[in-house]
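Asks: Quick one: the structure is below, questions incoming.
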Amino acid sequence: MLIRMLSGSLGLLAFSASILAGVWADNDLTTILTRAWWVLILFLVFGAIVGWIAQTVINEHLRQSTPDTTDQQQDETSMGRDKGLSGTHKAV
(Lines give C-alpha, C1' and ligand atoms only; values in the text may rest on other atoms or scores of the structure.)
Protein backbone atom coordinates (compact mmCIF):
# COMPACT_ATOMS: atom_id res chain seq x y z
CA MET A 1 0.00 0.00 0.00
CA LEU A 2 2.84 2.35 0.84
CA ILE A 3 4.43 1.66 -2.53
CA ARG A 4 1.36 2.69 -4.54
CA MET A 5 0.66 5.71 -2.37
CA LEU A 6 4.19 7.05 -2.57
CA SER A 7 4.49 6.29 -6.27
CA GLY A 8 1.25 8.05 -7.15
CA SER A 9 1.97 11.04 -4.92
CA LEU A 10 5.45 11.63 -6.30
CA GLY A 11 4.26 11.12 -9.87
CA LEU A 12 1.43 13.64 -9.60
CA LEU A 13 3.59 16.13 -7.74
CA ALA A 14 6.29 15.95 -10.41
CA PHE A 15 3.69 16.15 -13.19
CA SER A 16 2.17 19.30 -11.68
CA ALA A 17 5.55 20.90 -11.07
CA SER A 18 6.60 20.14 -14.64
CA ILE A 19 3.48 21.75 -16.08
CA LEU A 20 3.90 24.84 -13.91
CA ALA A 21 7.57 25.15 -14.86
CA GLY A 22 6.70 24.82 -18.54
CA VAL A 23 4.00 27.47 -18.33
CA TRP A 24 6.31 29.77 -16.41
CA ALA A 25 9.02 29.33 -19.07
CA ASP A 26 6.49 30.16 -21.84
CA ASN A 27 6.97 26.81 -23.63
CA ASP A 28 4.40 25.66 -26.17
CA LEU A 29 1.69 23.22 -25.08
CA THR A 30 3.16 20.19 -26.86
CA THR A 31 6.53 20.61 -25.19
CA ILE A 32 4.96 21.11 -21.77
CA LEU A 33 2.75 18.03 -21.98
CA THR A 34 5.47 15.82 -23.47
CA ARG A 35 7.93 16.71 -20.73
CA ALA A 36 5.25 16.43 -18.04
CA TRP A 37 4.31 12.96 -19.31
CA TRP A 38 7.92 11.74 -19.16
CA VAL A 39 8.39 13.24 -15.71
CA LEU A 40 5.20 11.53 -14.51
CA ILE A 41 6.43 8.13 -15.71
CA LEU A 42 9.91 8.68 -14.28
CA PHE A 43 8.63 9.69 -10.85
CA LEU A 44 6.07 6.88 -10.75
CA VAL A 45 8.93 4.41 -11.15
CA PHE A 46 11.14 6.35 -8.71
CA GLY A 47 8.31 6.51 -6.15
CA ALA A 48 7.66 2.78 -6.51
CA ILE A 49 11.32 2.01 -5.82
CA VAL A 50 11.48 4.34 -2.82
CA GLY A 51 8.16 2.97 -1.52
CA TRP A 52 9.38 -0.61 -1.89
CA ILE A 53 12.56 0.22 0.05
CA ALA A 54 10.54 1.98 2.76
CA GLN A 55 8.12 -0.94 3.05
CA THR A 56 11.01 -3.40 3.30
CA VAL A 57 12.65 -1.33 6.06
CA ILE A 58 9.38 -1.07 7.99
CA ASN A 59 8.69 -4.81 7.71
CA GLU A 60 12.23 -5.66 8.81
CA HIS A 61 11.98 -3.31 11.80
CA LEU A 62 8.64 -4.78 12.84
CA ARG A 63 9.98 -8.30 12.47
CA GLN A 64 12.97 -7.52 14.70
CA SER A 65 11.09 -5.52 17.32
CA THR A 66 8.22 -7.98 17.77
CA PRO A 67 9.15 -10.72 20.24
CA ASP A 68 8.71 -14.27 19.05
CA THR A 69 5.79 -15.57 21.12
CA THR A 70 5.36 -18.95 19.42
CA ASP A 71 7.61 -20.73 21.94
CA GLN A 72 5.75 -19.16 24.86
CA GLN A 73 2.35 -20.11 23.42
CA GLN A 74 3.49 -23.68 22.83
CA ASP A 75 4.76 -23.94 26.42
CA GLU A 76 1.43 -22.66 27.80
CA THR A 77 -0.51 -25.10 25.63
CA SER A 78 1.60 -28.08 26.68
CA MET A 79 1.32 -27.08 30.35
CA GLY A 80 -2.46 -27.00 30.03
CA ARG A 81 -2.53 -30.44 28.48
CA ASP A 82 -0.33 -31.84 31.25
CA LYS A 83 -2.84 -30.67 33.83
CA GLY A 84 -5.77 -32.09 31.90
CA LEU A 85 -6.97 -28.74 30.60
CA SER A 86 -7.82 -28.03 27.00
CA GLY A 87 -5.31 -26.11 24.87
CA THR A 88 -7.46 -22.95 24.92
CA HIS A 89 -7.12 -22.40 28.65
CA LYS A 90 -4.02 -20.89 30.14
CA ALA A 91 -2.19 -22.72 32.86
CA VAL A 92 -2.20 -21.02 36.23
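Asks: Do we find a residue being farther than 30 Å from Leu10 by Cα, surrounded by 14 or more Cβ atoms within 10 Å (Cβ to Cβ), among the polar types (S, T, N, Q) and at pLDDT below 95 anywhere in the stretch 42-56?
Replies: Taking the stretch 42-56 and keeping what is farther than 30 Å from Leu10 by Cα, we get none.
No, that holds for no residue.
Asks: Hey, can you tell me all the residues within the stretch 1-37 that are basic (Lys, Arg) and at pLDDT 95 or above? Break it down stepwise before answering.
Replies: Residues of the stretch 1-37 that are basic (Lys, Arg), as a first pass: 4, 35.
Result: Arg35, single match.
Asks: Separate question: Under 6 Å between Cβ atoms, at least 6 apart or on separate chains: pull out the pairs that start in the stretch 11-39 with a residue that is within 23 Å of Ile49 (Cα to Cα) and end on any residue that is among the basic types (Lys, Arg).
Replies: Cβ pairs passing all conditions: Ser18/Arg35.
Conditions tested, residue by residue: (1) farther than 30 Å from Asn59 by Cβ; (2) more than 18 Å from the chain's Cα centre (by Cα); (3) not β-branched (Val, Ile, Thr).
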position	(1), (2), (3)
Arg4	no, no, yes
Leu12	no, no, yes
Ile19	yes, yes, no
Ala25	yes, yes, yes
Ala36	yes, yes, yes
Phe43	no, no, yes
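The values are calculated or read from the model by the stated rules, or taken from the named source; none is laboratory data. Keep in mind it's a predicted model, so treat the numbers as computed, not measured. Backbone-built Cβ (ideal geometry, glycine too); neighbour counts: all protein chains shown.
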